[in-house]
Amino acid sequence: MSKSEAHDKRGRAAPRNEPFLAEVEAQPFWDNLKEHKLTVQQCNACGTYFNFPPQAMCAKCLSSDNEWVPVSGKGTVYSFVTYHRAWHPAYQDQIPYNVSLVDLDEGPRLVSNVIDIPPEDVQVGMAVEVVFEDHENYTLPKFKPSG
Amino acid sequence: MSNLSGKYAVVGVGETQVGKRPEATTNSLHVEAIRLCLEDAGVDASQVDGLLTNQPLTDAHRSYAVRLAHMAGIDPNYATDLALGGATPIAMIQNAVMAIEAGMANYVVCVHARKRATPDPTPGYPIRSGDEHWEQPWGHFSAVANHAFAATRHMHEFGTTSEDLGQIAVSTRKHACLNKNATMQKPMTIEDHQNSRLIVEPLHLFDCSLESDGGAALLVTSMERARDLPRKPVQVLGMGQHHPHSSVMDAPTLTTLGSRRSSEAAYRMAGLGPKDMDFAQFYDCFTITTLITIEDYGFCGKGEGKDFIKDGRIEVGGEIPVNTHGGLLSQAHLEGIMHVTEGVKQLRGDAVEPERQVQGAKAGVISGHGGSLCMHASLVLGVQ
């Protein structure tokens, strides 16, 4: 059993804080982020933007012809929360911190963080834009208030 | 399509002691619940020919139902694990009805137990919700936070407050204090709720359900067979399900859930509506879940829940008593199977402490809710 398969005494998978970069259908997403490009899947048959997590075929027309296309990086906060407890040691020094559901202008929604402002200042409906946070092996899309 | 409403019934229930059961295992709690259920029903394990389970977190058998059957002296013609999170116990009753109607079984046991308050020495395997790798890199963990998203959004759209959610915790605790088999026995005030620590804001500790050890089981059979058994049969009048999304990332809304369409289907099958219900046992993994469910099940309009829950309206003696056993918030979290056993006991009329008995109860509605607010099942039960 690898370290990532570790589980707690209640049988739940131990939390981790790194993305699963080997996910086949998500490779372009992570590759493009390294170049500071936020992309989403779009169906070439019917034009639908895919929801996350990524998948091989369009959920609307079931076509397997799709590609990762750049988006504006602009979006709106659908909802948000403030964590007062750290489920992973990496976040112990960050509480309280924001996690938001960000609806991109093109439609797809991401779980992400609104940063650069205190968590109590985040609001539902707030306009946000993407910023890129580089880590050693990957880049995370995060969001800051627009303008 | 023929209407099966009233054709099948719950004829036995078993509830283990809940709370901390350090001496027990997940397996022993399952068997204990089955034994108590069959004793209650006056049916022998050798007569049971169907078994439905919820795959436990701590057992790696490919079919837990088959494993459990042979730990409990059952030789099933029909057995399977169901996987709808907290909607599973209700889905079990629904599947039992379907299996008996299809002629595959005559007596189906529906059982769930879990061991989350004390360690379980059984070798297990890690279980996931499935979308963690699209959430955890941004520091997003746990069911609390997904429900906190719904709470923030409900507050934004309708002006609901944390104190309003606290009222659900307070009313539920009142019921737990009347239930000898409830973990929490100390009354709670809104002030206690507000003073409990924030976990994932806007949800406080007292908005969250318990971690529990325990189990419960129900026996389902036909009304025809029920007439030969000792207990007053509690009929399955209505059933529904709806699963409108799979992740918070593809949820069309977090303030109206599968509970809307699922309850409409159950009421339609029963030929009844919210006004005909004498009580409601509503899944309460978090207080916000109960609030949204009260609205979606038609007890008030969308967004009106915050006012509806006040003035004792959801307490025993009120307009629609909700979670008369103390719920997941204050009795025990066994994924909602005790919402179902409590509904049956209320309708028998002589099976709970008199202080929390809903007088003259003839029909009640029960909800189950699972995953990232994505799975829902409904049950209307009644007695003649």
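Read-outs: derived from the displayed coordinates by stated rules, not from any lab. Everything numeric here is computed off the predicted structure, so don't read it as measured data. Counting neighbours? That spans all protein chains shown, and the Cβs are built from the backbone with ideal geometry, glycine included.
Could you tell me whether B:Met249 is closer than 25 Å to B:Leu52 by Cβ and either among the hydroxyl-bearing types (Ser, Thr, Tyr) or touching a strand residue (DSSP E or B) at 6+ places or on another chain (Cβ under 8 Å) (or both)?
no
Might you let me know whether region A:46-61 holds any residue that is among the aromatic types (Phe, Trp, Tyr) and in a helix (DSSP H, G or I)? Show your work before the answer.
Within region A:46-61, the subset among the aromatic types (Phe, Trp, Tyr) is A:49-50, A:52.
With in a helix (DSSP H, G or I) added as a condition, the list becomes none.
No, region A:46-61 has no match at all.
So that you can scan it fast, the table gives a plain yes or no per residue for (1) crowded, with 17+ Cβ neighbours inside 10 Å; (2) more than 17 Å from the chain's Cα centre (by Cα):
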{"residue": "B:Asp164", "(1), (2)": "yes, yes"}
{"residue": "B:Ala169", "(1), (2)": "yes, no"}
{"residue": "B:Pro202", "(1), (2)": "yes, yes"}
{"residue": "B:Met223", "(1), (2)": "no, yes"}
{"residue": "B:Arg227", "(1), (2)": "no, yes"}
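Among the numbered criteria (1) closer than 28 Å to B:Met239 by Cα; (2) under 17 Å from the mean Cα position of the chain (by Cα), which single criterion is violated by B:Gly19?
The number of the failed condition is (1).
Tell me the residue from B:Val316, B:Val236, B:Val220 that is aliphatic (A, V, I, L, M) and more than 30 Å from B:Ala102 (Cβ to Cβ), please. Show your work before the answer.
Details: B:Val236 fails: more than 30 Å from B:Ala102 (Cβ to Cβ); B:Val220 fails: more than 30 Å from B:Ala102 (Cβ to Cβ).
So the residue among B:Val316, B:Val236, B:Val220 that is aliphatic (A, V, I, L, M) and more than 30 Å from B:Ala102 (Cβ to Cβ) is B:Val316.
So, of the residues in region B:22-39 that are of a type in the set (D, E, K, R) and either closer than 19 Å to B:Ala9 by Cα or more than 20 Å from the chain's Cα centre (by Cα) (or both), which turns out to be surrounded by the most Cβ atoms within 10 Å (Cβ to Cβ)?
B:Arg35
For region A:68-87, state whether one or more residues are of a type in the set (A, V, I, L, M), more than 13 Å from chain B (Cβ to nearest Cβ) and under 24 Å from A:Asn32 (Cβ atoms).
Residues of region A:68-87 that are of a type in the set (A, V, I, L, M), as a first pass: A:69, A:71, A:77, A:81, A:86.
Next, from what is left, pick out any that are more than 13 Å from chain B (Cβ to nearest Cβ): A:69, A:71.
Still in the running and under 24 Å from A:Asn32 (Cβ atoms): A:69, A:71.
Scanning region A:68-87, I find at least one residue that is of a type in the set (A, V, I, L, M), more than 13 Å from chain B (Cβ to nearest Cβ) and under 24 Å from A:Asn32 (Cβ atoms), so the answer is yes.
Working only within region A:97-110, note down all residues that are surrounded by 15 or more Cβ atoms within 10 Å (Cβ to Cβ) and without any contact (Cβ under 8 Å) to a residue 40 or more places away in the chain.
Hits for region A:97-110 are A:Tyr97, A:Asn98, A:Val99, A:Leu101, A:Asp103.
Can you tell me which residue is nearest to the chain's Cα centre (by Cα) among those in region A:33-45 that are surrounded by fewer than 16 Cβ atoms within 10 Å (Cβ to Cβ) and in a loop (DSSP other than H, G, I, E, B)?
Out of the qualifying residues, it is A:His36.
Hey, any hits in region B:173-185 for a residue that's within 11 Å of another protein chain (Cβ to nearest Cβ) and in contact (Cβ under 8 Å) with a residue 24 or more places away in the chain? Break it down into steps so the answer makes sense when it comes.
Step one: of region B:173-185, the residues within 11 Å of another protein chain (Cβ to nearest Cβ) are none.
No, because not a single residue in region B:173-185 is within 11 Å of another protein chain (Cβ to nearest Cβ) and in contact (Cβ under 8 Å) with a residue 24 or more places away in the chain.
I'd like to check something: does region A:105-112 contain any residue that is assigned to a loop (DSSP other than H, G, I, E, B) and closer than 22 Å to B:Gly139 by Cα?
Here is the first cut: in region A:105-112, the residues assigned to a loop (DSSP other than H, G, I, E, B) are A:105-108.
Narrowing further to those that are closer than 22 Å to B:Gly139 by Cα: A:108.
Yes: region A:105-112 contains one or more residues that are assigned to a loop (DSSP other than H, G, I, E, B) and closer than 22 Å to B:Gly139 by Cα.
Under 9 Å between Cβ atoms, which residue pairs at least 6 apart in sequence (or on different chains) link something in region B:35-51 that is in contact (Cβ under 8 Å) with a residue 40 or more places away in the chain with a partner that is surrounded by fewer than 18 Cβ atoms within 10 Å (Cβ to Cβ) and not in a loop (DSSP other than H, G, I, E, B)?
B:Leu38/B:Ala45; B:Leu38/B:Gln47; B:Leu51/B:Val66
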